[in-house]
Amino acid sequence: MSLGAELRALSLTEAIEQIRAGRFSAVEYGAAYREAAGRDDLNAYLEVVAVREGEQPDPSAPLAGAPIAIKDIFCTEGVATTAGSRILANYRPPYTATAVQRLLDGGASLLGKLNMDEFAMGSSNENSAFGPVLNPWDRDRVPGGSSGGSAAAVAGGLAPAALGTDTGGSIRQPAALCGLVGLKPTYGAISRYGMIAFASSLDQCGPLTRTVADAALLSSLMEGVDRRDSTAVGIPGGIAIPNRTDLKGLRLGVPRELAGEAEGIEAGVRAQFERALALCEELGAAVAETELPNAPHGISAYYVLAPAEASANLARFDGVRYGLRVADHQSDLTEMYERTRAAGLGPEVKRRIMLGTYALSSGYYDAYYGQAQKVRTKISDDFRAAFADFDLLVTPTSPSVAFKLGARAADPLAMYMSDYCTVPISLAGLPALSLPCGLAAPDDGGPELPVGLQIVAPAFAESRLLDAAHAIEAALGFDCAAVRREIGVEGARNG
Amino acid sequence: MADFEAVIGLEIHVQLATKTKMFCSCELSFGAEPNIHTCPVCLGHPGTLPVSNEQAIRFGIETALALGCEIAPRSIFHRKNYFYPDLSKGYQISQYDIPLGSSGRLGEVRIHRAHLEEDAAKLSHLGESGRIDGSDASLVDFNRGGTPLIEIVTEPDIRDAAIAREWLQLLRSTLRQLGVSDCNMEEGSLRCDANISIRRRGEPELGVKTELKNMNSFRFIERGIEAEIARQIELVEAGGRVDQATMHFDPASGSLTVLRSKEFAHDYRYFPEPDLVPLAPSLELIAEIRAALPELPETRIERYIGELGIPGDAARVLGFDAAAAEFFEAALALGGASPSALSGWVTGELAAALREAGHAGVGDSALSSSGLAALAGLVEAKTINRRTGREILVRLVSQGGDPVAIVEAEGLGSVSDADALSEIVDRALAAQPKAADQVAAGNQKAVGPIVGFVMRETKGRADGPEVTRLIRAKLGLD
Ligand SMILES: [Zn+2]
């Protein structure tokens, strides 16, 4: 086994420990990943970023110079940032996003920018202007979305950890489909400054990693107030690195609308979910059924609210100040707008802009936007009621394992249902984590693929969430086989 | 024409004189090199977020309180969506259903609402059209983009153009004295639109209104409103109908053109701005701001008339001009002259002397408040006459000094020695026998040549009223 492969088989936390112990340097560690990312055949990377001139890894920094890859929705000064869209194909931001800056300040090295669904709109990464991303577990299948590049890069051994964003499930669902840990923190925990907005009241950034400890490490560095984002309040008490190994005294609720009674959950996913519940009980948790009566309306409300906000958020891409402009000297203003946006934006983005514009239109506002806000409030109330009786809630993350490329591309509604279990949590602004809990064969047959367990906590209870996830992770011993195969360390156990 | 009355409401945009912009930390500027006071936030770069300027919110609350508004305990920002190159985000952050302030009153006009928002950038169009359509190219200067604005909307309480102008001057003076804006119409820090309709007198229903946009001087506002009222009356009298439209008044030609008719009215698709937290000023903060408000023109005018007995015109002039009022009060505090005499000096002779000397205000001149107080005292005590006082004032404005010392040194005191003056009047009557006869016969106007003789003899230092009194007494008229 090459040194590079050996280094890439480690989790981020393990690698940092070994750098500190002097077993290898951050430069060697970064070089191993840059070399691997340069050979990316998953289309996960849009750009691999070279080590910056004068960059000096500091082993005493929290991240000790480790390379971290970033979804291309985060602005990085001087480094192309596209949000997966043709309209920003040549855009180089004049500033760096707060979340990214905090990782850099914590000693990270920017490894590269990762492919994604255009403006984070999608659940399969097939909506990228720069081509679909392949799932390293099965290259005929999608990695999930919209943080598909982030998931594929980490699961494919091309990055030790990645940043993603989650609006309705865009971290958790790809993490589930690629066998990774994906954390969406509480809305407001991490600054959104520099994260290209899709739906501002829902967007939240978080890590995709191979272990719970890695997710805790990155989140602990990123959370906090930010004077550039008045909605960023941080997590009171911060995030502790988890070390719990049991679930004694914890009450786990299983909302029947998102689990037992949910339609469309694959048999294999259901079986692995049940197995995880049994394990939680073995670890000392009290597991019982609960209800979220309004959660089934989550998708409908989400597909009014998120497009409504997006229709305004994407209005700035008009060809005037930056990005693509399609016009000639004969064009008037309206023609420039129309041609620029027609050429620059993809079909799913246009669909959502139209949906959102319609939902906000005079005469329709109350029936759509107003009504969806009411549903959102009711869903929040449901969670509040459930958390009166339970410490955490658990559901499957995704109703299915990774699906075939193209399988849902022609059917937007089927695609939207991929986020059935994750969207209600986003609407309530709560923290949730997807933990790989086993493998299952898809309903349409084929090799076994990862299944995600979604754990949901009350607002700002990230430490509780990570502690529980850590205990389950340790007991499950999930083997991220794709990473081993991709790296070429089939014999060794990863993580 | 007498059958109709106009119903006018005003919408005023005022740039707040904060250090930085509404939602980013760029400096405010006017006339700077284009696009230097910009940053990723006010240029609408992807990923940027607005953060409210606390000073602007405070100015907003001050303004709303000064206009007698109720302050909303919790108001939110909305996005007002439309595409235009002067709008970097494709939406303007404004307030919609819950404005910062509502239900106020200034003078005789009720305030409907006062809300905070951000200004758009400045466009200039190259080529002959002067508009974006048909221009060779359009340039955008984002220095102005994101400047804090307060939009003040009145109820339709105004009935004619002159009152609109007068009320707007009261508003400007109020905002200037608050210190929230310099309200300079030429530079666009105060901009006014007017909603205008007409109806037959006695008709309770409002007519269809038109909106007259962006008039950039008080004179143009008055003329523009007058022209639009006349246009509407003419239209209706000819059997036509007023259509809802946005109008532009060209002050050069005096003509009105339609900018936008109703069919092209925007649907702004307002919705709550998710990037900003609600404005929820505490009761303590509101009370603190209210307590710190300076005396505003309306209150000052009332006090000057009611408590000091100053004539209405002078009280209004002082009410609108804080610097003059401050000077007046400082002089008054020194004693020696009555409030109404002093107010007459400040708003009359002093204002004229300053104008003549090219000074913008008394602060630019060499005159001190004690100088004016002493001067007004000398005149009121008849130590010198008003004409001499005026001459000394002109000197004080340019050189300063102590009027008492000047009068003594130059012997400018009135000839008030009764015997001496009496003797001169006797000589005057003897020298002008024809005039003396006419006055004796009841022709008051004929007194001129006699007074003129006395003034010549005394080098203008005789007290006019006293001279007249003596003439009449000597002719046996009293
Ligand atoms: Zn700025």
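Worth a mention:
- Answer residue from segment A:332-346, given it is part of a helix (DSSP H, G or I) and in contact with a helix residue (DSSP H, G or I) (Cβ under 9 Å, 6 or more places away or on another chain) and is farthest from the other protein chains (Cβ to nearest Cβ) among those: A:A343
- Some residue of segment B:86-105 being surrounded by fewer than 17 Cβ atoms within 10 Å (Cβ to Cβ), within 16 Å of the ligand (Cβ to nearest atom) and away from chain A (no Cβ under 14 Å): no
- Cross-chain or 6+ apart pairs with Cβ under 8 Å, segment B:30-44 first and within 13 Å of another protein chain (Cβ to nearest Cβ), then within 13 Å of the ligand (Cβ to nearest atom) and among the polar types (S, T, N, Q): B:N35/B:N143; B:T38/B:N143; B:C39/B:S25; B:P40/B:T48; B:V41/B:T48; B:C42/B:S88; B:L43/B:S88; B:G44/B:S88
- B:A56 in contact with a strand residue (DSSP E or B) (Cβ under 6 Å, 6 or more places away or on another chain), within 14 Å of the ligand (Cβ to nearest atom) and farther than 30 Å from A:L324 by Cα: yes
- Conditions (1) surrounded by 24 or more Cβ atoms within 10 Å (Cβ to Cβ); (2) away from chain B (no Cβ under 14 Å): number failed by A:N313: (2)
- Tally, over segment B:45-85, of residues that are open to solvent by 30 Å² or more (accessible area, probe 1.4 Å), of a type in the set (S, T, N, Q) and within 11 Å of another protein chain (Cβ to nearest Cβ): 1
- At least 3 residues being closer than 16 Å to B:K474 by Cα and among the acidic types (D, E) is the threshold, and among the helices (runs of 4 or more DSSP H) wholly inside segment B:411-458 those reaching it are B:418-431.
- All of A:E289, A:E257 fail the test of being more than 24 Å from the chain's Cα centre (by Cα) and over 19 Å from A:S85 (Cα atoms), apart from A:E289.
- Considering A:T81, A:T76, the condition of being farther than 20 Å from A:A216 by Cα and in contact (Cβ under 8 Å) with a residue 60 or more places away in the chain is satisfied by A:T81 alone.
- Selected residue (only one of B:G130, B:G146 is over 19 Å from the mean Cα position of the chain (by Cα), of a type in the set (G, A, S), closer than 18 Å to B:T246 by Cβ and part of a loop (DSSP other than H, G, I, E, B)): B:G130
- Meets criteria (basic (K, R), out of contact with any Ser or Thr (no Cβ under 8 Å at 6 or more places or on another chain) and open to solvent by 10 Å² or more (accessible area, probe 1.4 Å)) for A:R92: no
- The conditions of being under 23 Å from B:C183 (Cβ atoms) and assigned to a loop (DSSP other than H, G, I, E, B) are not met by B:S102.
- Whichever residue in segment B:232-270 is farther than 30 Å from B:N81 by Cα and under 28 Å from the mean Cα position of the chain (by Cα) and, among such residues, is farthest from the other protein chains (Cβ to nearest Cβ): B:G254
- Residue in segment B:19-27 that is within 11 Å of the ligand (Cβ to nearest atom), surrounded by fewer than 22 Cβ atoms within 10 Å (Cβ to Cβ) and away from chain A (no Cβ under 14 Å) present: yes
- Residues of segment A:294-310 that are of a type in the set (S, T, Y) and surrounded by fewer than 23 Cβ atoms within 10 Å (Cβ to Cβ): A:S300, A:Y303.
- Verdict on B:R144 being open to solvent by 50 Å² or more (accessible area, probe 1.4 Å), within 17 Å of B:Q92 (Cβ to Cβ), more than 14 Å from chain A (Cβ to nearest Cβ) and of a type in the set (D, E, K, R): yes
- Hey, B:I111 in a strand (DSSP E or B) and either touching a Phe, Trp or Tyr at 6+ places or on another chain (Cβ under 6 Å) or in contact (Cβ under 8 Å) with a residue 60 or more places away in the chain (or both) or not: no
- Positions within segment A:170-191 being within 14 Å of chain B (Cβ to nearest Cβ) and either on the phi > 0 side of the Ramachandran plot or open to solvent by 10 Å² or more (accessible area, probe 1.4 Å) (or both), in sequence order: A:Y187, A:G188
The values are calculated or read from the model by the stated rules, or taken from the named source; none is laboratory data. Note that the structure is predicted; figures quoted are calculated from it, not measured. As a convention, Cβ positions derive from the backbone with ideal geometry for all residues, glycine included, and neighbour counts pool all protein chains shown. Heads up: the accessible areas ignore ligands, DNA and RNA and are worked out on the full protein's heavy atoms, side chains in. Shrake-Rupley method; radii C 1.70, N 1.55, O 1.52, S 1.80 Å.
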